[in-house]
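What follows is a single structure, written as structure tokens, with notes after it.
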Amino acid sequence: MSEQQIVLASRPEGRPTRDTFRYETIELDALKADQVLVETLYISVDPYMRGRMNDARSYSQPFELDAPIQGGVVARVVESTSDLLTVGDTVVGMLDWATKSVVDAKQVRKIDATLAPVSTALGVLGMTGMTAYFGLLDIGNPQPGETVVVSAAAGAVGSIVGQIAKIKGARVVGIAGSAEKIQYLKEELGFDEVINYKTEQIGEALDRTCPDGIDVYFENVGGAIGDAVLDRLNPFARVPVCGAISGYNEQADLGPRVQSKLIIARARMQGFLVGDYGKRFKEAAEQLGQWVSNGELKYEETIFEGFEQVPDAFLGLFDGSNTGKLLIKL
């Protein structure tokens, strides 16, 4: 059975290009015991994947050269030799970027396609939503009336962070990079204030929107934006560090030293991985599902159509062109 996959063709120096990826035709093996053949429905592309393209120490193993790239995938079971899954089941897991794959049944998790669109298993009801949930609530711990600032606020994680902060009674300021995103955050998601970092001077904009300082900063981008926010932290502020996409393609991401800023504000700055909270995934999934069901939590998806669009979708992450979760539908 001939199918297509995408492999890492070269390790990028700086920003990836289409030459970073290579399409290959492969022959799939026959199923062994307790395996399934799955047909890909949706592929998730995420900023953290850029780090795995480097041959460097990180929190997860680098992608191997000339081997398939892996990421979050929603798929349909088309053949099964397992008692756990039957033909027609919808599953989610960390799978190869491929049109079809043969995997062990325990490598994927069955999802209920009747509860919500299956794409949400990669977004608001999946790792994206849980990243926002645990990072904001466990580390940020926003209190009613506090000011929460969110960078990359129209992105997959940031848009959920801001809404949860509003649910908890906080005042929310979002930072994004286009007039359309600013309108979306303000009018659709109910952010209190918004900043367009491409048209405004970030320090002046923060002074305007956060006159009483900043109590929680959910960090997604790093760089000059993060530097400006750290200068405006209130005493005992909390800074969950989810990502720093502004520096992912830089050979040397230089900036001011943060130690004195944290001491002055007596602030807590903590990096985290959603996998750290594995034992509490059920809690997060249930709460996120409830908020979506009752209309308190909205979500947006930017969807590319076709397996040939996967590289372009990934590269679009670094243009900031997506609103909400970025997916490819096969």
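The values are calculated or read from the model by the stated rules, or taken from the named source; none is laboratory data. Just so it is clear, the model here is predicted, and its values are computed rather than measured. Don't worry about glycine lacking a Cβ; one is built from the backbone with ideal geometry, like all the others, and counts go over all protein chains shown. In case anyone asks, the SASA skips ligands and DNA or RNA and just uses the protein heavy atoms, side chains included. Shrake-Rupley method; radii C 1.70, N 1.55, O 1.52, S 1.80 Å.
Worth pointing out:
- Residue list for region 93-128, restricted to those being closer than 22 Å to I328 by Cβ, more than 16 Å from the chain's Cα centre (by Cα) and outside any loop (DSSP other than H, G, I, E, B): L95, D96, A98, K100, S101, V102, V103, Q107, R109, K110, I111, V118
- Pairs, first within 11 Å of V239 (Cβ to Cβ) and charged (D, E, K, R) in region 259-282, second in a helix (DSSP H, G or I) and open to solvent by less than 60 Å² (accessible area, probe 1.4 Å), C-beta under 6 Å, six or more apart: K261/L230
- Qualifying residue in region 42-56 (condition: in contact with a Lys or Arg (Cβ under 7 Å, 6 or more places away or on another chain), open to solvent by 10 Å² or more (accessible area, probe 1.4 Å) and either polar (S, T, N, Q) or under 27 Å from T323 (Cα atoms) (or both)): yes
- Some residue of region 169-180 being over 25 Å from G278 (Cα atoms), over 15 Å from the mean Cα position of the chain (by Cα) and basic (K, R): yes
- Test: residue in region 302-314 that is open to solvent by less than 50 Å² (accessible area, probe 1.4 Å), more than 26 Å from S178 (Cβ to Cβ) and in contact (Cβ under 8 Å) with a residue 60 or more places away in the chain: yes
- Selected residue (only one of R52, R76, R57 is in contact with a Pro (Cβ under 6 Å, 6 or more places away or on another chain) and free of Cβ contacts under 8 Å to residues at least 60 places away in the same chain): R52
- Residue match in region 220-236 (condition: open to solvent by less than 10 Å² (accessible area, probe 1.4 Å), in contact with a strand residue (DSSP E or B) (Cβ under 7 Å, 6 or more places away or on another chain) and farther than 30 Å from S44 by Cα): no
- Checking each residue in region 149-187 for being basic (K, R) and touching a residue at least 24 places away in the same chain (Cβ under 8 Å) picks out K166, K168, R171, K181.
- Answer residue from region 98-107, given it is under 26 Å from E301 (Cα atoms) and touching an Asp or Glu at 6+ places or on another chain (Cβ under 9 Å) and is surrounded by the most Cβ atoms within 10 Å (Cβ to Cβ) among those: A98
- Candidates I167, I182, I111, I195: the one that is open to solvent by 10 Å² or more (accessible area, probe 1.4 Å), farther than 28 Å from Q309 by Cβ and not basic (K, R) is I167.
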